[in-house]
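Following: one structure in structure tokens, then a few remarks.
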Amino acid sequence: MFRNYLLLFVLFIISVSARAQHAATVTDSAALFREKALACSRAGKPDSGIYYSMKVLPIFEQRQDLRQLCETEWILAGTYNMLKQYERSSVYCERGIEHAGACGDSLHLALLLLTKSANLTHPNQGHAPKEVLQLNKDAFRIFQLLKDTVRMAHALSNIGVYFAEAKDEKNFDSAIFYYNQSNEINLQYGRFQNAGVVYDNIARLLILQKRYREAIPYEMKAMDISGRTRDFEMLKKNYRKLITIYDYLDQTDSTEYYVGKYAAAVDSFFSGRLTSALSDAEAKYETQKKQNRIDALTKDNLIQLLKIRNQDLEIDTKEYLIRDQQLMLLNDSLQLANQTEYLQIQEQTNTLQQEQLRRLKQEAMIRDLELSNRKLEVNRKNLVIGLMSLSLFALGATAYLYYRWLRRRKETQLQDAIAAEQKRATSALFEGEQKERIRIARDLHDSIGQLLSAVKMQLSAIPSGKEHYRTSLLLLDKTISEVRSISHNLIPEELSFGLIKAVQELCSQLEEAGQLSVVFSYSHGQLKMDGHKHAALSLYRIIQEVTGNMIRHAAASELKLSITETADETTVIISDNGKGFDIASLQHTSGIGWKNIRARVSLLNGNFTLQSGPAGTLVNIHIPHE
């Protein structure tokens, strides 16, 4: 028995190793084709690069080899960009970015970001969209983490191009800054040709800004690099830019000098072009012959290698099928042996089971009867207890709810009674205060005022001529005026002509004091409230208290007061441009001014709002009509 299981395990290990070897062979072949695709793309054979990439792409997708998949998609994106098929290139960029992020391939993620940026800045686009800047910044950060300085310079140069050509964020100074950063890396690592192109771009931007003198050193550096690298096409461009610069600067000698340089470069270029073309043709012919031989050998080797691998695969497949058949036969024999043993055991246990079943059935019947009787008894008790509990709960809930209702009703009645009593007490207090004001005002006017007038008449009858006599008359006039003012404040006479007239007189007194400017506006000359003397007087006292507080504490230069009336209510708005105050402090103040204002508004069944800040204080009072 143990030998059979051991044999089965060995056959399983052999089949797994065969499958792994087959998978490794397929993966190696696919990787070989991917390298071939990359080589073709770099050699200027985009069609062959696409052919080989498309051949291996399904294999990597089936194997879910994300690293190989994102590298292949990067090759396809770059090749389609080379062919100016930007939409297809963008599709493979998006796929490659997703796969590179999933497998953590930072290098190819950054390379795909650069390719996507190049697709967005193609000539048909017209201008570089804002996404280009972020793509290049992300790529630069990744290259910086990988310490890939050459590609860092490439990303910085692309950012400079963005700022030079962007429609909404064109910024030549930023472009020059990133160009200079790119060139620091180019010069440090000997990439002189790239440095020359960047210097030429900086000079072009300075020319566009008419900063010709600043452009000269950059174009000189570009020209020097073009001469050392023997890049004659770039050298001619450098000469043309220098001619343009010196022409704008009206430096005729320098302009003519570089015109001569440009003409000599053109002549030497065309004279040497024929001989170089012949030598290039011969070299290309020999190179092509060698390349054809290498390609033929490579193709033959690949064909032979694929044939051998296909034969190996066929052999492995046949061996795998034979092993599977052997395993199936071994399984069948093991199943037959197990079934025989099982039947023998089954026959021995059948008789015992039948006897046990009979005994168990009898015991089960007895237990079922006992359980059913117990369940009936328990159910009956549970039903009685449940009904009693439900009744008690319902009774308790009803009693509790009734108690809560009575308590709330008593609390509401008590609160209403307290509020009514407070309102009556406050009303009585203000009414008593008003009566006392009226009594004091009349006493001042009728008694003290008449006595002072009589004293003035007596003094006036005395012949004048002494200084202390005139001073006494002036003090007496001032005393009479002060008594009249106090009497007026206690009960304003203008209130008999309406609230608007009384408030106008109050505003005039405030302005005459010279402390601030008062602006008073109103919508009606006669108010409905004038028919209710008590309400009009209370509202007048409220206005008097609010304006008094503003004058004493706000340090304002202007006070605005308006009274408007609708069919339902009278609205008073008072504001100043003073320093304001903390409204929360009114809860802790010992003064009674604002408390009296709120109490008077409440007696009139109105509402009162207060806002205050550094820009001043605003008071809104709304009094409904009865």
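The values are calculated or read from the model by the stated rules, or taken from the named source; none is laboratory data. What you see is a predicted model; the values in this text were computed from it and never measured. Here Cβ is always computed from backbone atoms with ideal geometry, including for glycine, and neighbour counts include all displayed protein chains. These accessible areas exclude ligands, DNA and RNA; they are computed on the full protein's heavy atoms, side chains included. Shrake-Rupley method; radii C 1.70, N 1.55, O 1.52, S 1.80 Å.
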Given an 8 Å cut-off on Cα distances and at least 6 residues of separation, report the relative contact order of region 514-626 as a percent. 28 percent
Show W405, W594 ordered by accessible area, largest first, where the area counts protein heavy atoms only and the probe is 1.4 Å. W405, W594
For 208-217, 382-391, 613-622, ranked highest to lowest by mean beta-carbon neighbours within 10 Å, the order is 613-622, 208-217, 382-391
Sorted by chain and then number, the residues having a modelled amide H within less than 5 Å of the amide H of F581, at least 5 places away or on another chain, are G613
Rolling a 1.4 angstrom probe over the protein chains, ignoring ligands and nucleic acids, what is the accessible area of I583 in square angstrom, nearest 10? 60 Å²
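With a cut-off of 8 Å between alpha carbons and a minimum separation of six or more residues, what is the relative contact order of region 539-591 in percent? Working shown, then result.
Working: 44 pairs, mean separation 16.5, N = 53.
Reported relative contact order: 31 percent.
Assuming R0 = 35 Å, what is the FRET efficiency of T564 and D416, from their Cβ-Cβ distance, to the nearest 0.05?
That pair, T564 with D416, gives E of 0.60.
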Normalising by the residue count of region 57-198, find the relative contact order in percent from Cα pairs under 8 Å and 6+ residues apart. 15 percent
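Tell me the per residue accessible area of region 175-277 using a 1.4 Å probe; a whole number in Å² is fine. Don't skip to the end; give the middle numbers.
Details: 5850 Å² over 103 residues.
Roughly 57 Å² per residue, with all protein chains present.
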Sorted by accessible area with a 1.4 angstrom probe, largest first, how do S53, S517 fall? S517, S53
Listed pairs K84/K241; K116/K147; K501/K579; K55/K116; K501/K560; K210/K241 exceeding 18 Å between Cα atoms: K84/K241; K116/K147; K501/K579; K55/K116
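Would you please give the FRET efficiency between L83 and Q188, computed as 1/(1 + (r/R0)^6) with r the Cβ-Cβ distance and R0 = 35 Å, to the nearest 0.05? List each step's numbers first, then the result.
Working: r = 34 Å, r/R0 = 0.97.
Efficiency computed from Cβ-Cβ geometry: 0.55.
If you roll a 1.4 Å probe over the heavy atoms of the protein chains, what accessible area per residue do you get for region 46-112, in Å²?
Roughly 49 Å² per residue, with all protein chains present.
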What's the FRET efficiency of C103 with R409 using the Cβ-Cβ distance as r and R₀ = 60 Å, to the nearest 0.05? 0.20
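First compute the accessible area of region 208-266 with a 1.4 Å probe, then give the percent of it belonging to carbon and sulfur atoms. Numbers along the way, then the final one.
Values: 1810 of 3570 Å².
C and S fraction of accessible area: 51 percent.
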With a point put 7 Å past each Cα toward its Cβ, work out how far K45 is from I366 in nm, to one decimal. 9.5 nm
With the 1.4 Å probe rolled over protein heavy atoms, region 491-626 has an accessible area per residue in Å² of 51 Å²
